[in-house]
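Heads up: the structure comes next, in structure tokens.
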Amino acid sequence: MSGLTQSVRVWSRTQTGTDPMGEPTYAWQSTDVDGVLVRPVNAPTMAQGDTASDVRPDAVRLKFSLAFPKGYAGPSLRHARVTLLDPAYGMDAGADGWRTALAVVGDPQPTKPCPTKWDMICEVVRTDG
């Protein structure tokens, strides 16, 4: 972590084959990215007021907005997951960290032209419960 920016681990998947039913199988690889701006969109709270809270009243939703630095040359963020590496977040950064990482929403793309040091914004979420 450097000043206002943080390091994150991006988990991307690649197809490794198919299972006996013909469905694709995947393996996860990780890439660490420095210089990411991390902003909590909302603190971990009860998902009150959502339709889901009526079904799962104890659900907790984590949601962050991440700004990736210009020149990010890592894997596509489509279908990716992200672990925030700052120990304050308490996320598993080990080999199986992709299981509990935050899921990237959509297919983030760089903004061009962009006058700042960060040109790609993505939202990541996880709902537990």
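The values are calculated or read from the model by the stated rules, or taken from the named source; none is laboratory data. Treat the numbers as computed from the prediction; the structure is a model and nothing was measured. As a convention, Cβ positions derive from the backbone with ideal geometry for all residues, glycine included, and neighbour counts pool all protein chains shown. With ligands, DNA and RNA removed, areas are computed over all heavy atoms of the protein, side chains included. Shrake-Rupley method; radii C 1.70, N 1.55, O 1.52, S 1.80 Å.
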Go through the range 95-113 and give me each residue that's part of a loop (DSSP other than H, G, I, E, B) and surrounded by fewer than 12 Cβ atoms within 10 Å (Cβ to Cβ). ALA95, ASP96, GLY106, ASP107, LYS112, PRO113
Restricting attention to the range 41-50, the residues that are exposed (fewer than 12 other Cβ atoms within 10 Å of the Cβ) and at pLDDT 65 or above number exactly 1
Given the criteria among the hydroxyl-bearing types (Ser, Thr, Tyr) and either part of a strand (DSSP E or B) or at pLDDT 95 or above (or both), does SER53 qualify? no
Restricting to the range 114-129, name every residue that is in a strand (DSSP E or B) and either open to solvent by 80 Å² or more (accessible area, probe 1.4 Å) or acidic (Asp, Glu) (or both). ASP119, ILE121, GLU123, ASP128
Kindly indicate whether LEU66 is within 13 Å of VAL125 (Cβ to Cβ), open to solvent by less than 70 Å² (accessible area, probe 1.4 Å), at pLDDT below 95 and not in a helix (DSSP H, G or I). no
Here are the criteria: (1) modelled with pLDDT under 90; (2) out of contact with any Gly (no Cβ under 8 Å at 6 or more places or on another chain). Tell me which single one TRP98 does not satisfy. (1)
When every residue in the range 69-94 that is without any contact (Cβ under 8 Å) to a residue 12 or more places away in the chain and of a type outside the set (Phe, Trp, Tyr) is compared, the one most open to solvent (accessible area, probe 1.4 Å) is PRO87
